[in-house]
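**Q** One structure is given below, represented as structure tokens, and several questions about it will come after.
The values are calculated or read from the model by the stated rules, or taken from the named source; none is laboratory data. Please read all numbers here as calculations on a predicted model, not as lab measurements. Note that we place each Cβ from the backbone using ideal geometry, even for glycine, and neighbour counts take in every protein chain shown.
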Amino acid sequence: MKLISVNVGLPREVTWKGKTVSTGIFKEPINDHVIVRALNLDGDRQADLTVHGGADKAVYVYPFEHYDYWRGELPDTELTFGNFGENFTTAGLREEDVNIGDRFQIGSVRLMVTQPRMPCYKLGIRFRRPDMVKRFLASRRTGFYFRVLQEGKVGTGDTLELVSRDENNVTVADITQLYVNAEDNPGLLHRASRLEALPKSWREYFQR
């Protein structure tokens, strides 16, 4: 498991459907090592903190393996790392293989998987496609978030080490599937609603 690219970006104002919108979704790869802090990476910020950012969404991860799929889906779009707003572009970490609560280490940084990424309209802004949010969720290629357990420094090419596997065996892909179609698997829904590593808002949603 490897860190293919580290991407950061500060909020900027863009025009979307005739309105000015502030968004932090525009991320660019960096070559230097960067410090990973409890709420974000140095040089990176979120625009709307009511729905983005926070300890449970400190680092957004997107699998390198998904880029080939999107090149097929969006042949007229030039894709570069960071296009999905991810901080880490990784190899070897797919949603169906990663459990909520799994813990990883990159150098001195310790991280825990918390939840899949649910897209908002700003993904449409990034790709200039109003249908991008719907397509992204339908693809199930959501990526996921890390909570930072121990701050430190990371850089492109670093190796991710699995420190511990969460024994509840609820994957990131499972959570996305429950969100889309919860009634298909009431047993999994019950397990997810009691999953301590999953943020409280998700647990309450599944309990309802």
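**Q** Do you know which residues across segment 163-189 are among the polar types (S, T, N, Q) and either closer than 30 Å to V109 by Cα or in contact with a helix residue (DSSP H, G or I) (Cβ under 8 Å, 6 or more places away or on another chain) (or both)? Walk me through how you get there before you give the answer.
**A** Within segment 163-189, the subset among the polar types (S, T, N, Q) is 164, 168-169, 171, 176-177, 181, 185.
Once the filter is applied, which keeps residues that are among the polar types (S, T, N, Q) and either closer than 30 Å to V109 by Cα or in contact with a helix residue (DSSP H, G or I) (Cβ under 8 Å, 6 or more places away or on another chain) (or both), segment 163-189 yields S164, N168, N169, T171, T176, Q177, N185.
Quick grid of which residues meet (1) touching a Phe, Trp or Tyr at 6+ places or on another chain (Cβ under 9 Å); (2) acidic (D, E); (3) surrounded by fewer than 16 Cβ atoms within 10 Å (Cβ to Cβ); (4) closer than 30 Å to K200 by Cβ:
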| site | (1), (2), (3), (4) |
| --- | --- |
| N7 | yes, no, no, yes |
| R12 | yes, no, yes, no |
| R37 | no, no, yes, yes |
| A55 | no, no, yes, yes |
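**Q** Shifting gears a bit: Considering only segment 92-112, state which residues are within 14 Å of the chain's Cα centre (by Cα) and either closer than 20 Å to N7 by Cβ or β-branched (V, I, T) (or both).
**A** Within segment 92-112, L93, R94, E95, V98, I100, L111 meet the criteria.
**Q** Kindly provide the set of residues from segment 47-79 that are within 20 Å of V154 (Cα to Cα) and assigned to a loop (DSSP other than H, G, I, E, B), ordered by number.
**A** Matches in segment 47-79: G53, G54, A58, F64.
**Q** Look at V34 and say whether it is at pLDDT 95 or above and more than 17 Å from the chain's Cα centre (by Cα).
**A** Yes, satisfied.
**Q** From G24, G43, which residue is of a type in the set (G, A, S), touching a residue at least 40 places away in the same chain (Cβ under 8 Å) and surrounded by 13 or more Cβ atoms within 10 Å (Cβ to Cβ)?
**A** Being of a type in the set (G, A, S), touching a residue at least 40 places away in the same chain (Cβ under 8 Å) and surrounded by 13 or more Cβ atoms within 10 Å (Cβ to Cβ) holds for just one of G24, G43, which is G24.
**Q** On to the next question. Being of a type in the set (V, I, T), out of contact with any Lys or Arg (no Cβ under 8 Å at 6 or more places or on another chain) and either outside any strand (DSSP E or B) or within 20 Å of F136 (Cβ to Cβ) (or both) narrows it down to one residue among V21, V14; which is it?
**A** Only one candidate passes the filter, namely V14.
**Q** On the given criteria, is T77 out of contact with any Asp or Glu (no Cβ under 7 Å at 6 or more places or on another chain) and either crowded, with 23+ Cβ neighbours inside 10 Å or under 27 Å from S108 (Cα atoms) (or both)?
**A** No.
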